[in-house]
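Okay, so here's the structure we're looking at.
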Amino acid sequence: TPAQAIVAVPETGLDVIVAGRVPRHPLHLLRSPRFAELIAGLRERYDVVIIDTPPLQNVSDALVAGMQASGCVLVAAAGKTPVHVARASVRRIQAAGIPLFGVLLNQYDVEKVRTEFGERDVQGMRPYGRLPGLPWPATTF
């Protein structure tokens, strides 16, 4: 049962369900009524349900899973994800009718920015606060 698959992560307040082995046909699983029922049940139990998927440009799993979600956050690697790939991903998400909550830039090297652009630019980073509809704070520059 889904309740048996839920694992509490100590000292975080987070619960997770790990994927386990990759099934032979993952899209069949993601498109199944059982997956939709699982997500619906998790939404009733939790404030936020996050579905981590493979990169959008590699397989369509992210789009199929995203259709069951309230929306998505596109994750891009600083200095690694080409701008044209990120833009194409945004277009695919929008074409699928999935609300895009924002873009998360990870692997951002603050020390590199400090070296290249100076201390003032790094200090310019500040918390933005809560955005309407998002349960977590956003950050802006």
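The values are calculated or read from the model by the stated rules, or taken from the named source; none is laboratory data. Since this is a predicted model, take the numbers as computed values, not measurements. Cβ sites come from the backbone with ideal geometry, for glycine too, and all protein chains shown count toward neighbours. Surface accessibility is based on the protein's heavy atoms, side chains included, excluding ligands, DNA and RNA. Shrake-Rupley method; radii C 1.70, N 1.55, O 1.52, S 1.80 Å.
Some values worked out for this structure:
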read-out: L100 long-range amide H proximity, modeled H, under 5 Å; value: C72
read-out: Accessible surface of V103 - all protein chains present, 1.4 Å probe, nearest 10 Å²; value: 90
read-out: D52 accessible area, 1.4 Å probe, all protein chains in place, Å² to nearest 10; value: 150
read-out: Computed Kirkwood radius, in angstrom, where 1/r is averaged over Cα pairs of segment 7-71; value: 13.0
read-out: Segment M67-V48, extension gain: residue separation times 0.36 nm, minus the distance between their alpha carbons; value: 5.3 nm
read-out: Percent RCO, i.e. relative contact order, over segment 1-104, from Cα pairs under 8 Å lying at least 6 residues apart; value: 20
read-out: Extension gain from I17 to S60, taking 0.36 nm per residue of separation minus the Cα-Cα distance; value: 13.4 nm
read-out: Approximate spin-label separation R87-L29, in nm, with each point projected 7 Å along Cα-to-Cβ; value: 3.5
read-out: Ratio Rg/Rh [Cα only; Rh per Kirkwood] for segment 1-118; value: 1.02
read-out: Given charges at Cβ of Lys, Arg, Asp, Glu: segment 1-47 dipole, positive-most of A19, S32, V7; value: S32
read-out: Length added when fully stretched, Y108-L38, from 0.36 nm per residue minus Cα-Cα; value: 21.8 nm
